[in-house]
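First the structure, in the form of structure tokens, and then the observations on it.
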Amino acid sequence: MLKRGLKHHFLLFLTLILITSCSKFRKIEKSSEWRVKYDAALKYYENKDYFRSATLFEQILPIVRGLPEGEKTQFYLAYTNFYQEFYLLASHHFKTFYETYARSEFAQEARYMYAYSLYANSPAYNLDQSTSIEAIVAMQNFINRYPDSEFRDDASDVINEIQVKLEAKAYENSKQYYKLEYFKAAVVAFESFANDFPDSEFNEEISYLKFMAQYRLAVKSIFSKQEERFKKANEFYLELLDRYPNSAYLKDADKKYGDSLNKLNQLAKK
């Protein structure tokens, strides 16, 4: 009974604190003095109460724009959104900051955080990567602008991570064409992948699949196009053999290559 009573009093105490806190915030929110809101927003920010901090900063932003306090308001408002994981909104405010306060001591950090917010908002590799591409461009622009920045290493790490994501996306997309038996499109996608990601660990498999796609395209083609397409398939096989002489894919590729040579011989006789 004693423990239950203590728990009840503790919950009541917490409720009173929350009510008092909300009442205090509502009073500040309704205040006509922007300075009151500004000081309170800074305190809420320091206490990591980003929702209340953002609410007050947003209210006073139009008023303090052009004043010395406007710079800090815009900068902290961007961070309150970032910490609440509103990354697109954060990127907007960081961009607004460095465009408005280009000479600020925080302009460099704001440019980095603009790019980082886009990166934080980028989805898993199997989804649309428009935001990822936007983030990698923004990060590269940041490095170009501030080559000696303290954020340079982190920016480089973000670029590398996004490239891995884009590589995985391109890999899955190119294989999807093959799975759907769009062999002509698959060949183009495999060649684009190899050009865009020359150091990828997937290139051995991509080289094999490019040969297979071209071979299967030739098999399905009308008579008048078979010779040209089988010859192209054989070129892709020799490419695979030259680049990956010990590839595990060669066992299967050898059979298809032999069949391709036989098909060409038959076509020559006809």
Within segment 161-207, the residues that are within 18 Å of Glu239 (Cβ to Cβ) and small (Gly, Ala, Ser) are Ser174, Ala186, Ala189, Ser192, Ala194, Ser200, Ser207
Of the conditions (1) touching a helix residue (DSSP H, G or I) at 6+ places or on another chain (Cβ under 7 Å); (2) surrounded by fewer than 16 Cβ atoms within 10 Å (Cβ to Cβ); (3) at pLDDT below 95, the single one that Gln84 does not satisfy is (3)
Taking Ala168, is it more than 29 Å from Ala115 (Cβ to Cβ) and open to solvent by less than 80 Å² (accessible area, probe 1.4 Å)? no
Across (1) out of contact with any Ser or Thr (no Cβ under 8 Å at 6 or more places or on another chain); (2) open to solvent by less than 60 Å² (accessible area, probe 1.4 Å); (3) closer than 20 Å to Ala135 by Cα, Arg52 clears everything bar (3)
Within segment 38-82, the count of residues that are in contact with a Leu (Cβ under 8 Å, 6 or more places away or on another chain) and among the aromatic types (Phe, Trp, Tyr) comes to 4
Counting only residues in segment 152-165 that are hydrophobic (A, V, I, L, M, F, W, C) and open to solvent by less than 40 Å² (accessible area, probe 1.4 Å), the one farthest from Leu217 (Cα to Cα) is identified as Ala155
Log entry, pairs with first residue in segment 188-205 being under 16 Å from Ile162 (Cα atoms), second being among the β-branched types (Val, Ile, Thr) and in a helix (DSSP H, G or I), beta carbons closer than 9 Å, six or more apart or on different chains, reads Phe193/Ile206; Phe197/Ile206; Ser200/Ile206
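Any chance you could count how many residues in segment 213-269 are outside any helix (DSSP H, G or I) and in contact (Cβ under 8 Å) with a residue 12 or more places away in the chain? Working first, answer last.
The first filter runs over segment 213-269 and keeps only residues outside any helix (DSSP H, G or I), leaving 221-222, 244-249.
Next, from what is left, pick out any that are in contact (Cβ under 8 Å) with a residue 12 or more places away in the chain: 244, 247, 249.
Qualifying residue count for the region: 3.
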Residue pairs qualifying under the 6 Å Cβ cut-off, at least six apart or on distinct chains, with the first in segment 63-92 being in contact (Cβ under 8 Å) with a residue 24 or more places away in the chain and over 16 Å from Tyr112 (Cα atoms) and the second being polar (S, T, N, Q) and not in a helix (DSSP H, G or I), are Glu71/Ser104
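Please verify whether Phe202 is among the aromatic types (Phe, Trp, Tyr) and open to solvent by 70 Å² or more (accessible area, probe 1.4 Å), treating the condition exactly as stated. Give the derivation first.
Working: among the aromatic types (Phe, Trp, Tyr): yes; open to solvent by 70 Å² or more (accessible area, probe 1.4 Å): no.
So Phe202 fails the test.
Got a sec? Which of Phe151, Phe190, Phe197, Phe223 is among the hydrophobic types (A, V, I, L, M, F, W, C) and under 25 Å from Asn262 (Cα atoms)? It would help to see each step written out before you state the result.
On the way: Phe151 fails: under 25 Å from Asn262 (Cα atoms); Phe190 fails: under 25 Å from Asn262 (Cα atoms); Phe197 fails: under 25 Å from Asn262 (Cα atoms).
Going through Phe151, Phe190, Phe197, Phe223 in turn, just one is among the hydrophobic types (A, V, I, L, M, F, W, C) and under 25 Å from Asn262 (Cα atoms): Phe223.
Just for segment 55-95: of the residues that are part of a helix (DSSP H, G or I) and among the aromatic types (Phe, Trp, Tyr), which one is farthest from Lys43 (Cα to Cα)? Lay out the reasoning, then the answer.
Filtering segment 55-95 for residues part of a helix (DSSP H, G or I) gives 55-64, 68-83, 87-95.
Pick out the ones that are also among the aromatic types (Phe, Trp, Tyr) and you get 57, 75-76, 79, 82-83, 87, 94.
Numbers: Phe57: 12, Phe75: 15, Tyr76: 12, Tyr79: 14, Phe82: 18, Tyr83: 16, Tyr87: 23, Phe94: 21 Å.
For segment 55-95, the residue satisfying everything is Tyr87.
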By residue number, the members of segment 102-147 that are small (Gly, Ala, Ser), part of a helix (DSSP H, G or I) and open to solvent by 40 Å² or more (accessible area, probe 1.4 Å) are Ser130
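The values are calculated or read from the model by the stated rules, or taken from the named source; none is laboratory data. Treat the numbers as computed from the prediction; the structure is a model and nothing was measured. Glycine also receives a Cβ, built like all others from the backbone with ideal geometry; neighbour counts cover every protein chain displayed. With ligands, DNA and RNA removed, areas are computed over all heavy atoms of the protein, side chains included. Shrake-Rupley method; radii C 1.70, N 1.55, O 1.52, S 1.80 Å.
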